[in-house]
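Enquirer: What follows is a single structure, and I will ask about it in a moment.
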Amino acid sequence: MSRTALRICPLCEATCGLTLTIEGTRVTGARGDREDVFSKGFICPKGASFGAVDGDPDRLRTPLVRKDGELREATWEEAFDAVAAGVRTVVERYGPNSVGVVLGNPNVHTMAGALYPPVLLAGLGTRSVFTASTVDQMPKHVSSGLLYGDANAIPVPDLDHTDHLLLIGANPLESNGSLCTAADFPGKLKALKARGGTLTVIDPRRTRTAKLADRHIAIRPGTDALLLAAMAHVLFEEGLADTGELTPHLQGLDELRAAIRDFSPEAVTGACDVDAPTIRTLARELAAAPTAAVYGRIGSCTVPHGTLASWLVDVLNVLTGNLDRPGGALFPQAATDRTPRPAGPSHGFTLARWHSRVSRHPEAKGELPLSALAEEIDTATDEGEPIRALITSAANPVLSAPDGDRLDKALDSLDFMVSIDPYLNETTRHATVVLPPPPPSQSPHHDFAFNTLAVRNQVRYTRPAVPLEPGRLPETEIFARLILAATGMHGADPTAVDELVIGQTLGKAVNEPWSPVHGRDPKELAAQLTGVSGPERRLDMMLRLGPYGDGFGVRPDGLSLERLLAHPHGIDLGPLRSRLPQPLKTRSGKVELLPQPIADDLPRLRAALDRLPDELVLVGRRHLRSNNSWMHNVPALTGGTNRCTLHIHPEDAERLGVRDGAAVRVKGAGGEVTAPAEVTDAVRPGVVSLPHGWGHDRPGTRMSHAATDPGVNVNQLLDGSLLDPLSGNAVLNGVPIEVAAVAAVSEKLSPVT
Ligand SMILES: Nc1nc2c(c(=O)[nH]1)N[C@H]1C(S)=C(S)[C@@H](COP(=O)(O)OP(=O)(O)OC[C@H]3O[C@@H](n4cnc5c(=O)[nH]c(N)nc54)[C@H](O)[C@@H]3O)O[C@H]1N2
Ligand SMILES: Nc1nc2c(c(=O)[nH]1)N[C@H]1C(S)=C(S)[C@@H](COP(=O)(O)OP(=O)(O)OC[C@H]3O[C@@H](n4cnc5c(=O)[nH]c(N)nc54)[C@H](O)[C@@H]3O)O[C@H]1N2
Ligand code: SF4
Ligand SMILES: [Mo]
């Protein structure tokens with residue numbers, strides 16, 4: 001007998017609603033839920049393989065604890081005892097900063113990852129915090145922090161209504177979108193064109209997204225900030241800047257104009273390899289469109305001027321009057337957002353409140369660069385103790401961060417390491433304790449993060465589709481127990497963690513004059529919460545306190561968990577709307593167009609005008625059927641075109657004597673790798689491309705299918721020294737490398753006879 005159950009897909013940012021077919025406790029099928037208020041039936045090949053991802057036999061079923069050097073199956077009690085002993089010993093001996101925390105990408109795809117890391121970090125009090133954000137979108141957080149005073153206030157292109165989309169360094173036809181949660185991104189781009197709109201794509205590769213575009217500009221990697229600055233320059237120079245209704249909310253327009261004076265199209269053309277008339281056309285088209293949105297992603301963030309490029313994306317939206325207006329780029333309003341406080345000056349955003357010990361990298365958003373993790377473990381300084389214990393959750397930095405070989409050694413040298421992770425992989429194989437979460441079918445789901453980035457306001461929640469397998473703990477409980485063990489409360493009831501948060505949040509809310517619960521008794525409010533678990537009670541609380549909430553009875557029609565459960569396909573909360581000035585938290589209460597740290601970084605951009613281009617640079621790429629480093633173990637999602645090959649342009653291949661399919665050696669500052677070449681004119685000359693997340697050939701892992709076609713770790717080419725200085729974000733694109741045909745290398749090495 002089979003049955004069906006709904007489950008929001010956690011496999012990418014699109015958050016599609018799935019209808020799962022379940023036989024017994026096994027997911028045997030997945031299709032798009034046509035009634036889902038947001039995704040309306042859309043599904044991609046990854047979602048369709050949900051059952052295979054969920055049921056992967058290599059997923060760990062029990063905790064592992066290292067004994068006599070070997071990871072062995074253990075009980076949860078043994079595992080948490082080991083965590084308490086391991087972490088507390090280090091904290092007590094060396095202080096809180098000697099415990100590092102690494103949070104990887106899937107934390108934004110689980111309820112546990114949204115609700116518990118803040119409690120863990122507060123409880124530990126460590127500054128050694130590293131996340132996937134600094135190999136990804138930290139530049140956008142920093143630019144938002146500086147412009148709007150809130151690092152999480154990220155404007156999202158109004159895909160459904162815009163007339164003109166300028167897409168920079170993003171390939172949503174493979175990635176399904178990022179920092180722009182939209183189910184069926186491909187369909188939305190086609191709809192944009194069908195309604196007469198235009199799509200421009202800036203990407204050194206002719207991607208599937210670029211093929212769909214009206215105009216594709218194959219820019220030289222790493223130079224988008226120059227191109228965008230030149231576009232802003234044209235808007236000012238040609239009198240096309242028109243900030244419209246935004247004007248009263250802006251500060252620093254004249255200073256901005258002066259600051260980018262040097263960046264004319266003629267000045268940047270050489271560096272960007274985009275001709276000046278084209279740059280002028282791009283600016284004019286943007287200004288002329290009835291509505292337009294500029295949107296940048298990985299290719300605009302993981303580059304030397306990532307923060308400046310991210311800032312300029314928003315500057316262009318401002319200068320064309322498209323920020324915060326329908327059809328432009330707007331600030332979503334999620335159901336679990338804090339109740340909006342009245343607009344007005346606030347505390348602003350501060351960078352560099354502390355620095356990393358070894359390379360003195362400034363913190364951003366409370367984080368240090370993931371690129372600096374290895375050195376913070378393996379290097380002693382006078383500044384303080386190195387990291388001696390590490391807590392990782394949903395992270396595989398050995399593959400996703402620069403120089404995995406160095407990190408491998410560093411992780412081996414730790415006194416203690418615990419990982420919340422379903423797999424024994426390149427990173428978790430170093431752990432002392434591995435705590436495996438249940439597969440997604442056995443976990444509840446709500447998108448706390450992605451609903452704040454969605455192209456339509458909506459709210460959805462799905463309970464576990466399959467009951468928890470005996471012997472398993474929910475990931476939320478694993479996290480709660482880990483927090484207790486790591487903060488000196490080992491053995492306490494894990495619901496205490498949720499009750500603590502509930503008490504603190506309600507205690508704060510009743511004191512806020514703008515809160516719907518102002519002046520009420522927190523205990524009385526807590527008693528009203530519904531839900532079968534701590535995390536459900538917390539979701540109920542957030543919904544009820546939020547902008548659409550019932551305010552604990554104040555607005556009887558408002559949202560609550562109960563109401564959401566009555567709508568299994570979700571509740572639509574309407575299109576994105578103008579919200580300024582309310583989201584602004586700058587000191588001035590305005591959009592601060594030329595914040596000081598940005599102004600201070602502009603000379604570095606000016607210097608890039610005269611930099612001679614590198615002969616050959618590396619960029620990344622994503623494949624629709626992959627996801628960073630952890631989906632190569634699913635046979636249905638591997639093979640075909642999903643391969644770890646080096647894309648190289650025919651001209652470069654010819655010059656370097658590289659044949660299609662032959663092995664090539666790629667050398668970078670951090671090391672070298674050998675991969676098969678794929679000669680293709682989809683990359684521009686002077687650019688080669690390797691995907692990331694590969695390199696599954698290390699011993700001691702348990703990912704049997706991935707190991708059959710391991711690929712190579714592109715991040716071994718990096719040594720971790722290339723960063724965007726403002727955000728600490730790793731430079732993963734536009735990295736100088738050398739390429740040689742393997743035959744040519746061995747000819748050089750073999751003695752001439
Ligand atoms: N199938 C699949 N989907 C995914 C993921 C995955 O691994 N696989 N990962 C998820 C994650 S974690 C994220 S963050 C998102 C990322 O989502 P996207 O940003 O859409 O990801 P990419 O496909 O890497 O697209 C980046 C593009 O930037 C281009 N590029 C490189 N350098 C430059 C440059 O200097 N300038 C410009 N203009 N372009 C450049 C690359 O050629 C590439 O096409 O995808 C998510 N979705
Ligand atoms: N060269 C290059 N490097 C890149 C990128 C690039 O474009 N180019 N992209 C970067 C980006 S955007 C990102 S986001 C990072 C991603 O890098 P990471 O944050 O390291 O993420 P993944 O590599 O996807 O590894 C995810 C880990 O989470 C585990 N996991 C899966 N599901 C769950 C779950 O439900 N719960 C828990 N607790 N764990 C789970 C997996 O087993 C795996 O160990 O990589 C970055 N690295
Ligand atoms: S697009 Fe993303 S969320 Fe939608 S089915 Fe595919 S992997 Fe899942
Ligand atoms: Mo990412």
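A short reminder: the numbers here are calculations on the coordinates, not readings from a lab. Worth saying up front: this structure is predicted, and the values here are computed from it rather than measured. For neighbour counting, all protein chains shown are included, and Cβ atoms are generated from backbone atoms with ideal geometry for every residue, glycine included.
Enquirer: Computed over the Cα atoms, what is the radius of gyration of the chain divided by 2.2 N^0.38 Å, N being its residue count?
Expert: Against the empirical 2.2 N^0.38 Å value, I get 0.93 for the chain.
Enquirer: While we're on this one: Rank by packing, highest mean first: peptides 65-73, 567-575, 628-636, with packing defined as the count of other Cβ atoms within 10 Å averaged across residues.
Expert: So the peptides 65-73, 567-575, 628-636, ranked by packing, come out 628-636, 567-575, 65-73.
Enquirer: Mind giving me the nanometre distance, one decimal, between the label points for A662 and D572, set 7 Å out from Cα along Cα→Cβ?
Expert: 5.7 nm
Enquirer: Nothing charged except the Cβ atoms of Lys and Arg (+1) and of Asp and Glu (-1): what's the magnitude of the dipole of the range 58-210 about its Cα centre? Round to the nearest 20 debye.
Expert: Once rounded to the nearest 20, the dipole reads 420 debye.
Enquirer: Moving on to the next point. With a 10 Å radius around each residue's Cβ, average the other Cβ atoms per peptide and rank 499-509, 287-297, 646-656, highest first.
Expert: Per-residue mean Cβ counts within 10 Å order the peptides as 287-297, 646-656, 499-509.
Enquirer: I've got another one for you. Just how far, in whole angstrom, is the range 398-470 from the range 714-730 if you go by their alpha carbon centroids?
Expert: When both Cα centres are located, 23 Å separates them.
Enquirer: When the dipole is taken about the Cα centre of the chain, and only Lys, Arg (+1) and Asp, Glu (-1) are charged at their Cβ, what size is it in debye, to the nearest 20?
Expert: It works out to roughly 1220 debye.
Enquirer: Need one word for the range 498-567: rounded, prolate or oblate. Basis is the Cα gyration tensor (sqrt eigenvalues a ≥ b ≥ c); a/c below 1.5 gives rounded, then a/b vs b/c decides.
Expert: oblate
Enquirer: Provide the FRET efficiency to the nearest 0.05 for the Q504-R261 pair, computing r from the beta carbons and using R0 = 56 Å.
Expert: The pair Q504/R261 has a calculated efficiency of 0.70.
Enquirer: Relative contact order for the range 614-749: what percent, with Cα pairs under 8 Å and sequence separation of 6 or more?
Expert: 35 percent
Enquirer: Once the dipole of the chain is set up with Lys and Arg at +1 and Asp and Glu at -1 on Cβ about the Cα centre, which of L435, T641, G327 lies farthest towards its positive end?
Expert: Most positive-ward Cα: G327.
Enquirer: Rounded to the nearest 500, what is the chain's calculated 222 nm mean residue ellipticity when only DSSP H runs of at least 4 contribute -39500 (n - 2.57) each, over all residues?
Expert: Roughly -8500 deg cm²/dmol at 222 nm, from the helical runs in the chain.
Enquirer: Kindly work out what percent of the DSSP beta bridges joining two residues of the range 607-753 are antiparallel, to the nearest 5.
Expert: If we restrict to bridges inside the range 607-753, about 75 percent are antiparallel.
Enquirer: A follow-up question, please. What does the C-alpha gyration tensor say about the overall shape of the range 2-54? Classify as rounded when a/c is under 1.5, otherwise prolate if a/b is larger than b/c, or oblate.
Expert: Note, shape of the range 2-54 comes out oblate.
Enquirer: Right, another one. How would the range 40-187 be classified by its alpha-carbon gyration tensor: rounded, prolate or oblate, with rounded meaning a/c under 1.5 and the a/b versus b/c comparison settling the rest?
Expert: oblate
Enquirer: Another question, then. Divide, for the range 614-749, the radius of gyration over alpha carbons by 2.2 N^0.38 Å, where N is the residue count.
Expert: Cα-based Rg divided by the globular estimate yields 1.06.
Enquirer: Still on this structure, I have one more. Which order, highest average first, do 261-274, 102-115 follow once you tally other Cβ atoms within 10 Å for each residue and take the mean per peptide?
Expert: Taking the mean over residues of other Cβ atoms within 10 Å, the ranking is 102-115, 261-274.
Enquirer: In addition: To the nearest 0.05, what FRET efficiency results for A343 and K409 with a Förster distance of 60 Å applied to their C-beta separation?
Expert: Using R0 = 60 Å, I get an efficiency of 0.70.
Enquirer: If Lys and Arg each add +1 and Asp and Glu each add -1, what is the summed charge of the other residues whose beta carbon sits under 11 Å from the beta carbon of S578?
Expert: 0
Enquirer: On to the next question. Please work out how much length the chain gains when fully extended from T28 to R195, using 0.36 nm per residue of separation minus the C-alpha to C-alpha distance, in nm with one decimal.
Expert: 56.3 nm
Enquirer: Say the cut-off is 18 Å between C-alpha atoms; which of K188/K211; K40/K190; K40/K188; K140/K193; K365/K585 go over it?
Expert: Violating the 18 Å Cα-Cα cut-off are K140/K193.
Enquirer: In the chain, what percentage of the DSSP-assigned beta bridges are antiparallel, given to the nearest 5?
Expert: Around 55 percent antiparallel, to the nearest 5.
Enquirer: With Cβ to Cβ distances under 11 Å as the rule, what net charge do the other residues near P676 carry (K, R +1; D, E -1)?
Expert: 0
Enquirer: Please report, in debye to the nearest 20, how large the charge dipole of the range 652-706 is about its Cα centre when each Lys and Arg carries +1 at its beta carbon and each Asp and Glu carries -1 there.
Expert: 240 debye
Enquirer: Return the FRET efficiency for the residue pair T89, R353: r is the Cβ-Cβ distance, R0 is 22 Å, and the value is rounded to the nearest 0.05.
Expert: Result of the calculation: an efficiency of 0.15.
Enquirer: Sticking with this structure for a sec: Place a point 7 Å from the Cα of A492 along the Cα-to-Cβ direction; which residues of the range 526-551 have their backbone N under 18 Å from it?
Expert: Those under the cut-off are 534-535, 538.
Enquirer: Quick one: net charge around R280, please, counting Lys, Arg +1 and Asp, Glu -1 for every other residue with C-beta under 12 Å from its C-beta.
Expert: -4
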